[in-house]
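Student: Mind having a look at this structure? Questions to follow.
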Amino acid sequence: MKKQAPFVIANWKLNGGIDLTCTSVASMLNRKFEARIGIAPPYVYIGDMVSFLRNSDIMVGSQNVSKFASGAFTGETSAQMLSEVGCQFCLIGHSERRQVFLENDNSCHTKMEKALDNNLIPVLCVGENLQQYELGLTNDILYRQLHQSLPDLNLEGKELCIAYEPVWAIGTGKAATADQVQKVHSFIYQELVEILGTERANKVHILYGGSVNKDNVEELLSTPHVDGVLVGGASLDPEHFAEICALANKSAQ
Ligand code: 13P
């Protein structure tokens, strides 16, 4: 079966600035992509990036979203605001948010609702840490994260991504192998079928993230149940990221 056009999403984390915003836009414009490319810069550059990319198919997204709609919540940004400035997707529950900012599956569920209500494609990040991996708890962790974040969502006519990001592979240069990714993504798919039913589960895009680069992206994207990639460090080099996107393009043809 021919795969759908893969997602390639850049997560800049707390990196970059106006210079990177301009150079990465410059290296992406005037190229035709079959893959669905997205960039999630820090909040303050979203508006500029949206206007620079107005005439392209490249999506702009956020790295987080508030679980609140409005009110006295200093420092928060709502899903409605993100949608209003032109975001098309938002990351939810990235492991750094879970570890450093103590986000949990409950807040992820609320954020998923807010994102979907405001026409943002939620990219729910899940994955085990090194200790859990070594103890063989990967499936247990994923089971909990998926079963607590996904039930009772109104997915009618909506898109949804799940990004499997093993914490031990993030920023370490040690990506999971295609074999490991295939096993975990099959497990995720199976749980999606249980939670959402087969028809909806078949429409969910399951992405992999963790040390993705131009040398491993093709193999990862040719792996069953891998519908895209989430790229951190390698997305901060505009040429490297453009190369990853070009390779993803090839896999979409
Ligand atoms: P790296 O690609 O730097 O490992 O980061 C992955 C990630 O956390 C993307 O969200």
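The values are calculated or read from the model by the stated rules, or taken from the named source; none is laboratory data. Values in this document were obtained by computation on a predicted structure and should not be read as measured data. Neighbour counts are summed over all protein chains in view; Cβ atoms, including those assigned to glycine, are modelled from backbone coordinates with ideal geometry. Quick note on the areas: whole protein, heavy atoms, side chains included, nothing else; ligands and nucleic acids left out. Shrake-Rupley method; radii C 1.70, N 1.55, O 1.52, S 1.80 Å.
Student: In the list L150, L137, which residue meets the criterion of being of a type in the set (A, V, I, L, M, F, W, C) and either touching a residue at least 12 places away in the same chain (Cβ under 8 Å) or within 14 Å of the ligand (Cβ to nearest atom) (or both)?
Tutor: The match here is L150.
Residues are listed down the side, and each one gets a yes or a no for (1) within 11 Å of the ligand (Cβ to nearest atom); (2) in contact (Cβ under 8 Å) with a residue 40 or more places away in the chain; (3) surrounded by fewer than 18 Cβ atoms within 10 Å (Cβ to Cβ):
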position: K203; (1), (2), (3): no, yes, yes
position: G210; (1), (2), (3): yes, yes, no
position: D227; (1), (2), (3): no, yes, no
position: A234; (1), (2), (3): yes, no, no
position: E239; (1), (2), (3): no, yes, yes
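Student: Would you be able to say whether some residue in segment 88-104 is of a type outside the set (V, I, T) and over 30 Å from Q132 (Cβ atoms)?
Tutor: yes
Student: While we're here: In this structure, does N15 turn out to be within 27 Å of R144 (Cβ to Cβ), within 16 Å of the ligand (Cβ to nearest atom) and either touching a Pro at 6+ places or on another chain (Cβ under 6 Å) or in a loop (DSSP other than H, G, I, E, B) (or both)?
Tutor: no
Student: Please find, among A252, A246, the residue that is open to solvent by less than 20 Å² (accessible area, probe 1.4 Å) and of a type outside the set (S, T, Y).
Tutor: Testing whether each residue is open to solvent by less than 20 Å² (accessible area, probe 1.4 Å) and of a type outside the set (S, T, Y) leaves just A252.
Student: If a residue has to be within 16 Å of the ligand (Cβ to nearest atom), in contact (Cβ under 8 Å) with a residue 24 or more places away in the chain and of a type in the set (S, T, N, Q) to count, how many in segment 167-193 make the cut?
Tutor: Within segment 167-193, residues that are within 16 Å of the ligand (Cβ to nearest atom), in contact (Cβ under 8 Å) with a residue 24 or more places away in the chain and of a type in the set (S, T, N, Q) number 1.
Student: Which ones in segment 148-191 are among the hydroxyl-bearing types (S, T, Y), over 14 Å from E113 (Cα atoms) and not in a loop (DSSP other than H, G, I, E, B)?
Tutor: Selection gives Y164, S186, Y189.
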